[in-house]
Amino acid sequence: MLNDRLAQLTDYPFQRLAALLDGIEPPAGLAPISFSIGEPRHAPPAMVAEIVAAHAADWNRYPPTAGSPDLRAAIADWLARRYALPPGMIDAERNILPVAGTREALFMAALVCVPGHPGAARTPAARPVVLAPNPLYQVYAGAAAMAGAELHLMPATRETGFLPDLAAVPEKLLARTALAYFCSPSNPEGAVASAKQLAAALDLARAHGFTLAFDQCYADIYDRTPPPSIVETCAARDGDLEGVLVFHSLSKRSSVPGLRSGFVAGPETLIDPFKRLRAYGGATTPPPLMAAAAALWRDETHVAENRALYREKFDIADEVLDGRFGYRRPEAGFYLWLDVGDGEAAARKLWAEGALRVLPGAYLARGAGAANPGRAYLRLSLVEAAPAVREGLRRLVSVLSATDHGQRQ
């Protein structure tokens with residue numbers, strides 16, 4: 001017998017895209033360009049290979065589940081430096097847990113926080129609730145399903161500034177909420193929550209006794225202004241991380257998705273049980289990679305260079321798209337969220353006529369037909385080099401401008 005909760009896991013967005021484009025051959029004379037997957041393509045910092053090679057003797061050691069002391073210290077120092085936190089607020093031993101990429105950690109957060117929550121009565125009507133934005137990172141939905149929670153989706157649309165409004169959640173659901181996922185900068189829209197919005201979210205979480213899982217994996221890929229963090233909100237309140245888990249990753253910040261290195265920060269009351277769970281079911285980054293990760297958290301030069309490359313591509317989008325398809329320059333992240341009327345139809349057309357691979361927005365959201373807030377959109381991942389981004393955006397405008405899709409302004 002299988003776990004019946006597995007039936008709640010839908011195909012992942014890229015599986016759905018493969019099925020959508022199956023059998024369609026792009027034009028033979030065009031080199032394919034992929035804007036579909038958010039996989040950074042910038043060259044990793046040279047220090048990574050050098051440090052891994054220097055620690056080659058550590059490949060024959062099992063890595064510690066809680067990460068190396070040096071990595072925890074580097075992360076704690078980065079948090080304090082990045083967000084100007086008061087001395088002693090972040091303790092490397094009590095408040096930091098390195099993880100093998102934040103996808104695993106975001107999934108496990110639900111296993112830590114949901115079962116056993118006061119809302120977890122046996123009757124379906126009283127199941128604990130997990131809140132998530134819609135559109136969303138699909139791991140949030142999968143985590144809620146496997147933890148036995150009821151998933152409540154909060155609209156993150158043009159009308160809400162592409163961010164969820166926790167205050168709009170009915171009180172009866174807040175009373176059963178165990179965990180709320182909040183992503184800022186948001187994927188796919190590139191919106192950033194203000195300090196005021198973060199303060200309201202923190203107050204609501206503490207008032208109702210749920211954990212706020214703050215996903216900030218795009219925090220260092222910003223356009224002009226560094227996005228605020230919930231840890232700054234906690235510092236301004238009382239210096240306590242009560243009720244908060246913060247997730248960061250090196251994948252986007254340092255263009256090293258293959259390093260599989262991120263971290264969770266939070267109060268000892270949440271980090272300790274998180275460590276215990278990971279000791280049984282979590283993968284751990286190998287010691288040579290931990291050494292490289294520690295060095296990356298201590299260096300900001302490569303991050304600034306990385307940001308400049310994305311800004312160049314935002315400038316190209318400003319020029320080529322020129323307001324078409326509801327284009328707005330993202331505040332952070334490296335995605336464009338374009339209104340093309342019908343994302344699936346546009347994705348098929350772009351592959352068939354322009355050899356351009358993009359992701360329908362509906363695959364990043366939940367809801368049937370017009371009720372799906374991503375239905376009209378495409379997500380474009382600007383991870384290719386600037387010339388390929390320019391060429392890909394020109395193909396998009398050329399293919400869609402003569403159709404109904406291209407009339408969306």
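The values are calculated or read from the model by the stated rules, or taken from the named source; none is laboratory data. A quick note: this is a predicted structure, and the numbers were derived from the prediction, not measured. Cβ: placed from backbone, ideal geometry, glycine included. Neighbour counts: every protein chain shown.
Exactly one of (1) in contact with a Phe, Trp or Tyr (Cβ under 8 Å, 6 or more places away or on another chain); (2) not assigned by TED's automatic domain parsing to the domain that holds TYR218 is unmet by VAL52. Its number?
(1)
Only one of (1) over 16 Å from LEU241 (Cβ atoms); (2) in contact with a Pro (Cβ under 8 Å, 6 or more places away or on another chain) is not met by VAL112, so which one is it?
It fails just one condition, (1).
Of these, LEU198, LEU163, which one is within 22 Å of LEU359 (Cα to Cα) and either free of Cβ contacts under 8 Å to residues at least 60 places away in the same chain or among the hydroxyl-bearing types (Ser, Thr, Tyr) (or both)?
Details: LEU198 fails: within 22 Å of LEU359 (Cα to Cα).
Unique residue meeting the criteria: LEU163.
Against the condition among the basic types (Lys, Arg) and either surrounded by 15 or more Cβ atoms within 10 Å (Cβ to Cβ) or outside the structural domain of GLY239 (by TED's automatic domain parsing) (or both), how does ARG81 come out, does it pass?
On the way: among the basic types (Lys, Arg): yes; either surrounded by 15 or more Cβ atoms within 10 Å (Cβ to Cβ) or outside the structural domain of GLY239 (by TED's automatic domain parsing) (or both): no.
Spelling it out, it is not the case that ARG81 is among the basic types (Lys, Arg) and either surrounded by 15 or more Cβ atoms within 10 Å (Cβ to Cβ) or outside the structural domain of GLY239 (by TED's automatic domain parsing) (or both).
Among the residues of the range 145-163, count how many are within 15 Å of HIS117 (Cβ to Cβ) and either part of a strand (DSSP E or B) or in contact with a Leu (Cβ under 7 Å, 6 or more places away or on another chain) (or both).
Summing the residues that are within 15 Å of HIS117 (Cβ to Cβ) and either part of a strand (DSSP E or B) or in contact with a Leu (Cβ under 7 Å, 6 or more places away or on another chain) (or both) in the range 145-163 gives 4.
If I ask for residues that are farther than 18 Å from THR177 by Cβ, of a type in the set (S, T, N, Q) and not in a loop (DSSP other than H, G, I, E, B), which ones from the range 195-229 would you list?
none
Residues to consider are LEU17, LEU30; find the one that is in a helix (DSSP H, G or I), under 30 Å from PRO387 (Cβ atoms) and assigned by TED's automatic domain parsing to the domain that holds GLU344. Spell out the reasoning first.
Numbers: LEU30 fails: in a helix (DSSP H, G or I).
Being in a helix (DSSP H, G or I), under 30 Å from PRO387 (Cβ atoms) and assigned by TED's automatic domain parsing to the domain that holds GLU344 holds for just one of LEU17, LEU30, which is LEU17.
Kindly indicate whether any position in the range 363-373 is surrounded by fewer than 24 Cβ atoms within 10 Å (Cβ to Cβ) and within 17 Å of the chain's Cα centre (by Cα). Steps first, answer last, please.
Of the range 363-373, the ones surrounded by fewer than 24 Cβ atoms within 10 Å (Cβ to Cβ) are 366-372.
Those left that are additionally within 17 Å of the chain's Cα centre (by Cα): 366.
Scanning the range 363-373, I find at least one residue that is surrounded by fewer than 24 Cβ atoms within 10 Å (Cβ to Cβ) and within 17 Å of the chain's Cα centre (by Cα), so the answer is yes.
Taking only the range 164-176 into account, find how many residues are within 12 Å of ALA126 (Cα to Cα), out of contact with any Leu (no Cβ under 9 Å at 6 or more places or on another chain) and surrounded by 13 or more Cβ atoms within 10 Å (Cβ to Cβ).
Within the range 164-176, residues that are within 12 Å of ALA126 (Cα to Cα), out of contact with any Leu (no Cβ under 9 Å at 6 or more places or on another chain) and surrounded by 13 or more Cβ atoms within 10 Å (Cβ to Cβ) number 2.
Residues in the range 57-71 that are within 21 Å of CYS217 (Cα to Cα) and without any contact (Cβ under 8 Å) to a residue 60 or more places away in the chain: how many?
Result for the range 57-71: 0.
Can you find, within the range 207-222, the residue that is nearest to the chain's Cα centre (by Cα) among those that are buried (at least 23 other Cβ atoms within 10 Å of the Cβ) and under 17 Å from GLU268 (Cα atoms)?
That would be PHE214.
Applying the selection to the range 223-282, what residues are polar (S, T, N, Q) and either buried (at least 16 other Cβ atoms within 10 Å of the Cβ) or outside the structural domain of ALA80 (by TED's automatic domain parsing) (or both)?
Those that are polar (S, T, N, Q) and either buried (at least 16 other Cβ atoms within 10 Å of the Cβ) or outside the structural domain of ALA80 (by TED's automatic domain parsing) (or both): SER229, THR233, SER249, SER251, SER254, SER255, SER261.
How many residues are crowded, with 19+ Cβ neighbours inside 10 Å and either part of a loop (DSSP other than H, G, I, E, B) or free of Cβ contacts under 8 Å to residues at least 40 places away in the same chain (or both) when one looks only at the range 177-194?
Filtering the range 177-194 down to residues crowded, with 19+ Cβ neighbours inside 10 Å leaves 177-193.
When the remaining residues are screened for being either part of a loop (DSSP other than H, G, I, E, B) or free of Cβ contacts under 8 Å to residues at least 40 places away in the same chain (or both), the result is 184-193.
Within the range 177-194, residues that are crowded, with 19+ Cβ neighbours inside 10 Å and either part of a loop (DSSP other than H, G, I, E, B) or free of Cβ contacts under 8 Å to residues at least 40 places away in the same chain (or both) number 10.
Can you spot a residue in the range 48-58 that is within 25 Å of the chain's Cα centre (by Cα) and crowded, with 19+ Cβ neighbours inside 10 Å? Quick ask: steps written out before the conclusion?
Our first condition is that a residue be within 25 Å of the chain's Cα centre (by Cα); within the range 48-58, this holds for 48.
If we keep only those that are crowded, with 19+ Cβ neighbours inside 10 Å as well, we get 48.
Looking through the range 48-58, at least one residue is within 25 Å of the chain's Cα centre (by Cα) and crowded, with 19+ Cβ neighbours inside 10 Å.
Answer yes or no as to whether ALA332 is touching an Asp or Glu at 6+ places or on another chain (Cβ under 8 Å) and without any contact (Cβ under 8 Å) to a residue 60 or more places away in the chain.
Values: touching an Asp or Glu at 6+ places or on another chain (Cβ under 8 Å): yes; without any contact (Cβ under 8 Å) to a residue 60 or more places away in the chain: no.
The answer is no for ALA332.
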